[in-house]
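Engineer: Input: one structure, supplied below.
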Amino acid sequence: MRTDTPLTIYRKDYTAPSYLVDTVELGFDLDPARTIVANRLTMRRNPASAQREIELYGEDIELVALRLNGKALGKREYRLDGNLLRIPNAPEEVTLEIETLCAPEKNTALSGLYVSNGNFITQCEAEGFRRITFFPDRPDVMAKYTVMLRADKERYPVLLSNGNLVDEGMLPDGRHYAKWEDPFLKPSYLFALVAAKLVCQEEKFKLADGREALLQVWVEEGNLDKTDYAMQSLKKSIRWDEERFGLELDLDRFMIVATGDFNMGAMENKGLNIFNTKYVLANPRVATDIDFQGIEAVVGHEYFHNWTGNRVTCRDWFQLSLKEGLTVFRDQEFSGDMIGTSTGRAVNRIDQVRTLRAAQFPEDAGPMAHPVRPDSFVEINNFYTVTVYEKGAEVVRMYQTLLGREGFRKGMDLYFERHDGQAVECDDFRRAMADANDRNLDQFERWYSQAGTPVVRAQMRYDEQQHAVELTLSQSCPATPGQPEKLPFHIPVAVGLVGRDGRDIPLVIDDQERGTTTVLELTGAEQTFRFTSVPQQPVPSILRDFSAPVVLEYDYSDEDLLHLFSHDSDPVNRWEAGQRLAMERLLRLTEDVTAGSRLQLDDTFIEAMRKVLTDESLGPAFREQALLLPTESMIAEQTDVVHPLSIHMARQFVRSSIGNRLRAELLAAYDANQTPGQYSPDAESIGKRALKNLALGYLAAASDDEGIALAERQFDEADNMTDRAAALGALVHARAPAAQRALQGFYDEFEKEALVVDKWFAMQASSPSTDVAAVRELMKHPAFTMKNPNRARSLVFNFCMANPVQFHVPDGSGYAFWAEQVMALDALNPQVAARLARAMDRWRRYAPALQAHMKQALKQVNGLKKLSNDVREVVSKALA
Ligand code: B3K
Ligand code: ZN
C-alpha cells in the first residue's frame, strides 16, 4: 500500500538483467504467523548488461540476514529503498544467502504465500515471488530450483512444489519435510508450493513417446466425488497437444491443486498448476454445463502453458500476450476439436465472438484501452485483460487464417526450435510465423502496437452486364488514449457470395477459382476486389467465421439479413445476421422507451425467430445461439447516450414478445429437447439443455403463468444443476411468487457447497428485482465474506456489473455502493478491488445525470490517500 504517486513503467525502458541466476535453493519453515524462508542463489554477471549492481525485489517481507559469498553484508554494503534491494560492486560470480520472514495468514492479497482454509498456497504471477523472498523477480531471469519444505505433519500432511519429489521424511518435532527439484529452467513467477491437508485422485498416463506420467488432482477431503472431469480434461489436453502440435508433457509428474481462495481462474506453475475450485470441482449435482465446459477449457489452458509460457516464456510483462493470447487460442482450438462437429465448432466460435464484443470491444473503446502488447503500465496485474487474452487470441488466430493450418503449425515448430528455454518477445513469434512460411508479416505488427477496434466498411456494386461484383473494403480505427492516429492494419477478411437460391456462388478473382469462401487481405486504407462469373446480384457474407476482430459496417437491408439468416453456409455469419436483425430492433425500441412511445415488434422479426426455432435441420446449440438476444451491455455500446433502464425495458419487451408470440413453438422446443437418463456434459446434450432452458426463460418472461409453472416444476424435478439453476434463475428474474421459496430450498440443500452458494448469491445479485438495499442485506448473510474472491465476485461484482437497471438507479446509490466496496476491498485485496473498479470504465457514455453521480463516486475513490496502485491506475485513467 503506497501513498505516493504511482510510477509508470514503459516498454521502451527495458534493460537486460544485471545478474543472471543459475540455481535457487529455497528452504521453507512453514508457519502461518511466521514463516522463515532461506534462499540460496548462485548468480553471475550478465555479459549483456552494463549494470553492475545486483537488483533484488522484495515486498511485505522482513529481511533477517544477507550473506554474499559466505560473508554477512553490513548495512553499508547494500541499499534497501522501498521494494528494491541493491548490492553495488558485487563480484563476477556470487552466492547470495538471504533469510526473510513473512506472515502467510495475514496475506489477504492472495499474492505470494498465503493461507487458504488452513492450507498454504502460493500465487506468484506476475510479481508475487518477491512477497516470498528477495529475488530478481522478472520473467527473463530463468533458473533451476530446488525446494525444501518443512511443516507440521498433522496439519500439513501434503507438501508439494514444482518438478520431482527427490526426498521426504520426518523431523524430530512432529514436523516432516519434502524436497522437490525442478529439472527445467523457469522464471520466478512459475514457482509454487502447497502445504496442506488434501487428498488426490491420481492416475498413470501413457505419453506418446511411451513414457508414463503420474497425474494428480488434489482437493480438500469431501471433494473427491468432483475431480473426475478435471482428470479427464487433463488427459484429453495432453493427448491433444501431442496430436495437434507435437508437444509432449516434459515431466514425470503433473499436479493440479484446487483452492477456494484464488484471485483468478488458475495458474500454470511448472508441474504444479494451482486452480480456483471453480475450475476443478464438478459433478452433475453441483455444476452446470457451463461449469463443465469451463473446466475443460481452463485445465487445457493451464496445461498448454507448459509449452507456450513455460518452456518459452516472456522477456518482460509487456509481452504477456505472447503466452496468453497464444494459449487462449490453443484452448479455444482444443475445445473446438473436442466438440468435433462443424456446427459444434461454430457454436464455440460464436461464444468467442460474443465475449469479444461484450467485453473486449468496450475495453478497446474506453479509458483502459491498450494494445495487445501494451507500451506502459502502472500495475501489471491490471493488464491481465480481455485485450491481452481474447484479442490476443484473435491475433494468433489471424496467423492461422492467413497462413493456413499447416503454415501455422510450421510457424509454431520454428518458434520452439528457435526459442525453447528462452524468454522472448511477441515479435519473435511473428518472425517465426513469417520465416517458416516465407511471408512478409511486417504490417501485421500493428495488431500488437495499435489499440482500438478497427472498423471495416464494405460496399458492393454488382455489374449486370459484366456479371461481376466489386467489393470495396475500407478501414479506419478510432483514437485511443495516447494514440490519436492509426495506420492501416493487415486484415484477413473471409468472404462469400450468397445467391438468390441461398447457395454459395463459386468465387473467381483474376480468373482464379477461389472456392466458396476466400480470404481477402485488406492492407490499405481502401481496396477493391473484383469477382467475375457472378450470374446474379448476390448478398455478400463478409467476415465469415469472424476472421478478424473488427467491426464490420455494411448497409444490409432487412431482406438481405433475412436471406443470410436463413441460408448463409457460414454458421457464424448466419448467427450474425440474426444478431443484426435483433440489434436494430432493440436500438429502435430503446429510443421508443426513452421517448415514451408505444412499443411494437414487427412480424418479420418474429417470423424469422420462429423459423430458426423450428428448423430441425439446425442443431439445438446453434438454435439457442440464434435466439439469444444481444446483452444489455452490448446494446449500451451501440447507443450514443446510455439509458440503462430504457435498454432493459426494450430488451424485456422483446423477450416477452417472443415468449407470447412463439409460445407454442417454445413449448414444443421445451418438450423436444429434454435430456432424460443419466446426465452427460457432451456437446449434444449441452445444446439441448441450452435450447430448452432458453425456451423456459422466454416463456417465463411472457405475460401468462404457464412458463412460471413450468419453471417451478423443473426446479422441483431436475436431477442436475444445469436445469436446477436455469429454473431458479427464471423464477428469480421473473419475480415469480415461488422465487423466495425456491431460493430458500436451494440454499438449504447446498449450503455446504461453496461454489453453489456462489451461484445462489450471483443469481440474486444480477436479478433486476434486487436493489442496492437488498444487496446490502445479502452482504449481512453469514455465508458472505469479502475476503473470498469468488464470494465477493458472486455478490458485489455481479450487482455492479451484471445488474444494470439497479446499479444505475437515478439517485446514484448504486455508484455510492460501488465506491464503498472498492475501497473496502482495496484494503484487503488490491488485485480484486481493481477489477471491481473497472465497473465504471464507460461512465462518460451515460446520460448526464448518471454521469455526474458516477464521476463523484470515482472522485471519492481517487481522493483516498491510501489506495493501491492497482485501483489508483484504474480510477485515475477513468477520470483522465
Ligand atoms: N497466468 C495466469 C494469470 C496470472 C494473473 C496474475 N494477476 C493464469 C492464466 O492465464 O493461465
Ligand atoms: Zn493463461
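The values are calculated or read from the model by the stated rules, or taken from the named source; none is laboratory data. Bear in mind that the values here come from a model prediction, so they are computed numbers and not experimental data. Note: ideal-geometry Cβ built from the backbone for every residue, glycine included; neighbour counts use all protein chains shown.
Engineer: Which of the residues that make up the range 546-561 are free of Cβ contacts under 8 Å to residues at least 40 places away in the same chain and either aromatic (Phe, Trp, Tyr) or in a helix (DSSP H, G or I) (or both)?
Structural biologist: Residues satisfying the conditions are Tyr556, Glu559, Asp560, Leu561.
Conditions (1) surrounded by fewer than 17 Cβ atoms within 10 Å (Cβ to Cβ); (2) not in a strand (DSSP E or B), marked per residue:
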| site | (1), (2) |
| --- | --- |
| Ala143 | no, no |
| Glu202 | yes, no |
| Ala208 | yes, yes |
| Leu215 | no, no |
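Engineer: Let me ask you something else. Does Pro506 count as part of a loop (DSSP other than H, G, I, E, B) and surrounded by 22 or more Cβ atoms within 10 Å (Cβ to Cβ)?
Structural biologist: Against the criterion (part of a loop (DSSP other than H, G, I, E, B) and surrounded by 22 or more Cβ atoms within 10 Å (Cβ to Cβ)), Pro506 does not qualify.
Engineer: Kindly indicate the residue of the range 429-453 that is touching a residue at least 40 places away in the same chain (Cβ under 8 Å) and farther than 12 Å from Leu487 by Cα and also surrounded by the fewest Cβ atoms within 10 Å (Cβ to Cβ) among those meeting that condition.
Structural biologist: Leu441
Engineer: So, one more: What pairs come up if the first residue lies in the range 286-307 and is under 17 Å from Asp682 (Cα atoms) and of a type in the set (D, E, K, R), the second is assigned to a loop (DSSP other than H, G, I, E, B) and away from ligand 2 (no atom under 11 Å from the Cβ), and their beta carbons are under 9 Å apart, counting only those six or more places apart or on different chains?
Structural biologist: Asp289/Pro681; Asp289/Asn720; Asp291/Leu281; Asp291/Ala282; Asp291/Pro681; Glu296/Pro681
Engineer: Does Phe653 satisfy the condition of being among the aromatic types (Phe, Trp, Tyr) and closer than 30 Å to Gly812 by Cα?
Structural biologist: When the stated conditions are applied, Phe653 passes them.
Engineer: Here's something else I'd like to know. Consider Ser376 carefully, then state whether it is small (Gly, Ala, Ser), within 16 Å of ligand 2 (Cβ to nearest atom) and touching a residue at least 24 places away in the same chain (Cβ under 8 Å).
Structural biologist: So Ser376 does not fit the description; no.
Engineer: On to the next question. Of (1) within 16 Å of ligand 1 (Cβ to nearest atom); (2) surrounded by 21 or more Cβ atoms within 10 Å (Cβ to Cβ); (3) farther than 28 Å from Met142 by Cβ, Ile350 satisfies all except one. Which?
Structural biologist: Of (1) within 16 Å of ligand 1 (Cβ to nearest atom); (2) surrounded by 21 or more Cβ atoms within 10 Å (Cβ to Cβ); (3) farther than 28 Å from Met142 by Cβ, only one is false for Ile350: (1).
To keep it simple, each residue is scored yes or no on (1) touching a Ser or Thr at 6+ places or on another chain (Cβ under 8 Å); (2) of a type in the set (Phe, Trp, Tyr); (3) modelled with pLDDT of 95 or more.
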| position | (1), (2), (3) |
| --- | --- |
| Ala582 | no, no, yes |
| Leu587 | yes, no, yes |
| Glu591 | yes, no, yes |
| Leu599 | no, no, yes |
| Glu607 | no, no, yes |
| Glu616 | no, no, no |
| Leu628 | no, no, yes |
| Gln638 | no, no, yes |
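Engineer: Looking only at the range 276-308, which residues are within 12 Å of ligand 2 (Cβ to nearest atom) and part of a strand (DSSP E or B)?
Structural biologist: Thr308
Engineer: Can you pull out every residue in the range 309-330 that is in a helix (DSSP H, G or I) and surrounded by fewer than 22 Cβ atoms within 10 Å (Cβ to Cβ)?
Structural biologist: If the condition is that a residue be in a helix (DSSP H, G or I) and surrounded by fewer than 22 Cβ atoms within 10 Å (Cβ to Cβ), then Trp317 is the only one that fits.
Engineer: Would you pick out the residues in the range 309-335 that are over 15 Å from Tyr189 (Cα atoms) and within 14 Å of ligand 2 (Cβ to nearest atom)?
Structural biologist: Ser321, Leu322, Gly325, Leu326, Thr327, Val328, Phe329, Arg330, Asp331, Gln332, Phe334, listed by residue number.
Engineer: Can you say whether Lys226 is touching a Lys or Arg at 6+ places or on another chain (Cβ under 8 Å) and modelled with pLDDT of 95 or more, as far as the supplied structure shows?
Structural biologist: When the stated conditions are applied, Lys226 does not pass them.
Engineer: Go through the range 833-864 and count every residue that is in a loop (DSSP other than H, G, I, E, B) and either within 22 Å of the chain's Cα centre (by Cα) or among the hydrophobic types (A, V, I, L, M, F, W, C) (or both).
Structural biologist: Here the count works out to 4.
Engineer: Considering only the range 386-445, how many residues are touching a His at 6+ places or on another chain (Cβ under 8 Å), away from ligand 1 (no atom under 16 Å from the Cβ) and farther than 16 Å from His490 by Cα?
Structural biologist: Adding up the residues that qualify gives 2.
Engineer: Another question about this same structure. Go through the range 828-843 and give me each residue that's surrounded by fewer than 23 Cβ atoms within 10 Å (Cβ to Cβ) and free of Cβ contacts under 8 Å to residues at least 40 places away in the same chain.
Structural biologist: Scanning the range 828-843 gives a single hit, Trp843.
Engineer: Since Leu867 meets every condition but one in (1) closer than 19 Å to Ile380 by Cα; (2) within 25 Å of the chain's Cα centre (by Cα), which condition does it not meet?
Structural biologist: It fails just one condition, (2).
Yes or no, residue by residue, for (1) under 26 Å from Arg150 (Cα atoms); (2) out of contact with any Pro (no Cβ under 9 Å at 6 or more places or on another chain):
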{"position": "Arg175", "(1), (2)": "yes, yes"}
{"position": "Glu181", "(1), (2)": "yes, yes"}
{"position": "Leu185", "(1), (2)": "yes, yes"}
{"position": "Val194", "(1), (2)": "yes, yes"}
{"position": "Leu198", "(1), (2)": "yes, no"}
{"position": "Lys204", "(1), (2)": "no, yes"}
{"position": "Ala230", "(1), (2)": "no, yes"}
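Engineer: Glu248 fails exactly one of the following numbered conditions: (1) within 15 Å of ligand 2 (Cβ to nearest atom); (2) farther than 17 Å from Val219 by Cα. What is the number of that condition?
Structural biologist: Of (1) within 15 Å of ligand 2 (Cβ to nearest atom); (2) farther than 17 Å from Val219 by Cα, only one is false for Glu248: (1).
Engineer: Then there is this: Here are Asn273, Asn263: which of them is within 10 Å of ligand 1 (Cβ to nearest atom), part of a loop (DSSP other than H, G, I, E, B) and at pLDDT 95 or above?
Structural biologist: Just a single option satisfies the conditions, and that option is Asn263.
Engineer: What are the residues in the range 681-717 that are hydrophobic (A, V, I, L, M, F, W, C), without any contact (Cβ under 8 Å) to a residue 40 or more places away in the chain and not in a helix (DSSP H, G or I), if any?
Structural biologist: Answer for the range 681-717, where residues must be hydrophobic (A, V, I, L, M, F, W, C), without any contact (Cβ under 8 Å) to a residue 40 or more places away in the chain and not in a helix (DSSP H, G or I): there is none.
Engineer: Okay, next question. Please state which of the following conditions Val64 fails to meet, knowing it meets all the rest: (1) loosely packed, with under 12 Cβ neighbours inside 10 Å; (2) in a strand (DSSP E or B).
Structural biologist: Failing condition for Val64: (1).
Engineer: List the number of the failed condition for Ala90; all other conditions in (1) more than 23 Å from the chain's Cα centre (by Cα); (2) of a type in the set (A, V, I, L, M, F, W, C); (3) within 16 Å of Val37 (Cβ to Cβ) hold.
Structural biologist: (3)
Engineer: Among (1) closer than 22 Å to Arg397 by Cα; (2) surrounded by 17 or more Cβ atoms within 10 Å (Cβ to Cβ); (3) over 28 Å from the mean Cα position of the chain (by Cα), which single condition is Val456 missing?
Structural biologist: For Val456, the exception is condition (3).
Engineer: Which ranges mark the helices (runs of 4 or more DSSP H) fully within the range 722-824 that have 2 or more residues being surrounded by 19 or more Cβ atoms within 10 Å (Cβ to Cβ) and aliphatic (A, V, I, L, M)?
Structural biologist: 739-750, 754-765, 772-779
Engineer: For Leu564, indicate whether it is modelled with pLDDT of 95 or more and outside any helix (DSSP H, G or I).
Structural biologist: In short, no.
Engineer: If I ask for residues that are within 14 Å of Arg52 (Cα to Cα) and either modelled with pLDDT under 95 or part of a strand (DSSP E or B) (or both), which ones from the range 80-97 would you list?
Structural biologist: Leu85, Arg86, Ile87, Asn89, Glu93, Val94 - these are the residues of the range 80-97 that are within 14 Å of Arg52 (Cα to Cα) and either modelled with pLDDT under 95 or part of a strand (DSSP E or B) (or both).
Engineer: Then there's this: Return the total of residues in the range 258-275 being β-branched (Val, Ile, Thr) and within 13 Å of ligand 2 (Cβ to nearest atom).
Structural biologist: 1
Engineer: Within the set of pairs 6+ apart or on separate chains, which have a first residue in the range 54-79 that is on the phi > 0 side of the Ramachandran plot, a second that is assigned to a loop (DSSP other than H, G, I, E, B) and of a type outside the set (A, V, I, L, M, F, W, C), and C-beta atoms under 9 Å apart?
Structural biologist: Correct list of pairs: Asp60/Asn83; Asp60/Asn107; Asn69/Pro91.
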